[in-house]
2 protein chains.
Amino acid sequence: MAPLSSGVLGSLDSTSDRAVFRQIADRLREAIDKGRFKEGAKLPSESELVEHFGVSRMTVRNALSVLQGEGLVHSEHGKGVFVRPRPPVRRLASDRFARRHRDQGKSAFTVEAEAAGSRPEVDNLQVKEERPTRDIATRLGEPRKVLARRRRYLLDGRPVEFAASFLPLDIARDTPIAQPNPGPGGIYARLEELGHRLDHFDEEVRARMPTPAEVKSLHLAAGVPVIHLVRTAYDTEGRAVEVCDTVMAADAYVLAYQLPAN
Amino acid sequence: MAPLSSGVLGSLDSTSDRAVFRQIADRLREAIDKGRFKEGAKLPSESELVEHFGVSRMTVRNALSVLQGEGLVHSEHGKGVFVRPRPPVRRLASDRFARRHRDQGKSAFTVEAEAAGSRPEVDNLQVKEERPTRDIATRLGEPRKVLARRRRYLLDGRPVEFAASFLPLDIARDTPIAQPNPGPGGIYARLEELGHRLDHFDEEVRARMPTPAEVKSLHLAAGVPVIHLVRTAYDTEGRAVEVCDTVMAADAYVLAYQLPAN
DNA sequence: TCTGACTACTCGTCTATACGAGTATGGGTG
DNA sequence: CACCCATACTCGTATAGACGAGTAGTCAGA
């Protein structure tokens, strides 16, 4: 075990009443913030930190778990603890569903990802009829059944987003929307062809910690929240024609909106 | 110590290769999800769980820390571990800065909060001139100095949001905007009076775990992310006249946007 | 009646130890 | 040279114990 150069991490203040594991977490955080450990770099191993600070291993692990909870580091079994690299973020512009972007044969996700130099994939495609949840039913005007379209999006092999669209069955049944691939321009183009000219979208944005199922599905590291976005599409008659419920890995996204001032 | 009724929490599957502390966390999570422990209710104490599951205390604590990280529970020293209640959320509508909402004497925050039956407070008011950070300078068109207005918002005594506005000094110096209270309608009303008619806002929304400073300032519980919103205001000449950098407790907010479909 | 001490509970912190499982490396064997 | 395996490192899980500190209730004494 290589000795830890003492300059990189300070030592503890035994007179302080701050808990030892918090002091260790502070020192490591400072070192990361100051660039002494760069993105992706390996932190000293637990046993090195034990020796350096003269504490027990559980205390060191406690300190590291603080940093994990902050999303600063992640650990890899058998390898070490590493500074978590910031993944490239996908910018979602508020006009991404504007009619003028619906002319290509590819989905918005595919077009954007390729423009950004990433390799897009869509996964877990599932289309079926079902009973809506209370929330979805309320938003859609209480249809008895809905068409549900679920899919997972990946960038360069990494899952980043899980989306579920719900449409009243009387609109979507026996249309291209009920097909796995609804065709160029996506389901919004199909809705307009079916006479539901879109007027506007409502989007609700929340952030929270992921459920265990979301951790699994999106391969989320500790300390990464999710952005939960619920979009409702309205036609020109004021009817809600689709609700899209999306859960995104928060470290992979920034949402951009442009709002008029009047 | 009252015995724990065995029906509420299951027992462990010793044949499973799922870690014991994860199984305990699973059982507690299920019990919470099914409403067997309601919001604000006290979970069994650590020693009760130790006895019930026949494991060591550190294993129980490990399980509880999983639930803390998910934002499901919070612990209070000397009292117990409780199901985290969901605070009332504040809905931020995308038209909240529209001109028609700028006629009252009160700030948008105050008006909204009182309409929702909450007691609003503003805190830590600080107005000063300073050198902009790299990011702020870029967004504002590289002014040498800016006027910074910082404040913290509280609802019913709980801090929920921390906001910092930055304006180019050549716009804001020696105007009501440089006063602690800029007057009715806020700084946007003052900007328009000064001839900077507002055209639109750009908003960027991110979510992440809070820094230790944010945890302290917003009194955040473990497992609560923050929403980071950066809004840039543009006048009709296309000039960026203000950047507002806002950090919100994610469990207290939902952002609502309305987008045109064309 | 009020107050303060005592007690019994809560979670917080820390130590010491043990074993298991994943990863990387080097060296020996075929 | 290619492969396998031993080994030594990583982190993951779990035990048992100790003490500290915050909370709340009881009970005795002023």
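The values are calculated or read from the model by the stated rules, or taken from the named source; none is laboratory data. Just so we're clear, the structure is a prediction, and the values are computed from it rather than from any experiment. Positions of Cβ are generated from backbone atoms using ideal geometry, with glycine treated the same way; all protein chains shown enter the neighbour counts. Please note that ligands, DNA and RNA were not included when accessible areas were found on the heavy atoms of the full protein model with its side chains. Shrake-Rupley method; radii C 1.70, N 1.55, O 1.52, S 1.80 Å.
Numbers for the structure displayed
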read-out: When residues of the range B:208-229 are limited to those that are part of a loop (DSSP other than H, G, I, E, B) and either without any contact (Cβ under 8 Å) to a residue 24 or more places away in the chain or of a type in the set (D, E, K, R) (or both), the one most open to solvent (accessible area, probe 1.4 Å); value: B:THR211
read-out: Subset of the range B:209-242 (residues that are more than 7 Å from every other protein chain (Cβ to nearest Cβ) and in contact with a Pro (Cβ under 6 Å, 6 or more places away or on another chain)); value: B:LEU218, B:HIS219, B:LEU220, B:VAL226
read-out: Flag for A:ALA25 being open to solvent by less than 30 Å² (accessible area, probe 1.4 Å), of a type in the set (Gly, Ala, Ser), within 9 Å of DNA strand C (Cβ to nearest atom) and under 22 Å from B:PRO212 (Cα atoms); value: no
read-out: Filter result for A:LYS42 (more than 11 Å from DNA strand D (Cβ to nearest atom), at pLDDT 95 or above and away from every other protein chain (no Cβ under 11 Å)); value: no
read-out: Which numbered condition A:LEU167 misses (of (1) buried (at least 20 other Cβ atoms within 10 Å of the Cβ); (2) facing another protein chain (nearest Cβ under 9 Å)); value: (2)
read-out: Breaking point among (1) on the phi > 0 side of the Ramachandran plot; (2) in a strand (DSSP E or B), for B:GLY238; value: (2)
read-out: Flag if A:VAL205 is surrounded by 18 or more Cβ atoms within 10 Å (Cβ to Cβ) and either aromatic (Phe, Trp, Tyr) or assigned by TED's automatic domain parsing to the domain that holds A:ARG149 (or both); value: yes
read-out: Long-range neighbours under 7 Å by Cβ, at least six apart or interchain, first residue within 14 Å of another protein chain (Cβ to nearest Cβ) within the range B:67-84, second away from DNA strand C (no atom under 12 Å from the Cβ) and assigned to a helix (DSSP H, G or I); value: B:LEU67/B:ALA25; B:LEU67/B:ARG29; B:GLY69/A:GLY69; B:LEU72/B:ARG29; B:LEU72/B:ILE32
read-out: Qualifying positions in the range A:111-134 - at pLDDT 90 or above and within 21 Å of A:LEU191 (Cβ to Cβ); value: A:VAL122, A:GLN126, A:VAL127, A:LYS128, A:GLU129, A:GLU130, A:PRO132
read-out: Spans of strands (runs of 3 or more DSSP E) in the range B:45-134 with at least 2 residues open to solvent by 70 Å² or more (accessible area, probe 1.4 Å) and within 24 Å of B:VAL226 (Cβ to Cβ); value: B:120-130
read-out: Evaluation of A:PRO180 against (1) in contact with a strand residue (DSSP E or B) (Cβ under 6 Å, 6 or more places away or on another chain); (2) modelled with pLDDT of 90 or more (one fails), failing number; value: (2)
read-out: Check on B:SER56, within 15 Å of DNA strand D (Cβ to nearest atom) and away from chain A (no Cβ under 13 Å); value: no
read-out: Any chance A:GLY195 is small (Gly, Ala, Ser), away from chain B (no Cβ under 11 Å) and surrounded by 20 or more Cβ atoms within 10 Å (Cβ to Cβ); value: no
read-out: Some residue of the range A:146-155 being within 14 Å of another protein chain (Cβ to nearest Cβ) and either touching a residue at least 40 places away in the same chain (Cβ under 8 Å) or in contact with a Phe, Trp or Tyr (Cβ under 8 Å, 6 or more places away or on another chain) (or both); value: no
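Residue-by-condition table, conditions (1) more than 9 Å from every other protein chain (Cβ to nearest Cβ); (2) part of a strand (DSSP E or B); (3) touching a residue at least 40 places away in the same chain (Cβ under 8 Å):
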site: A:GLU161; (1), (2), (3): yes, yes, yes
site: A:ASN181; (1), (2), (3): yes, no, no
site: A:ALA189; (1), (2), (3): yes, no, yes
site: A:CYS244; (1), (2), (3): yes, yes, yes
site: A:GLN258; (1), (2), (3): no, yes, yes
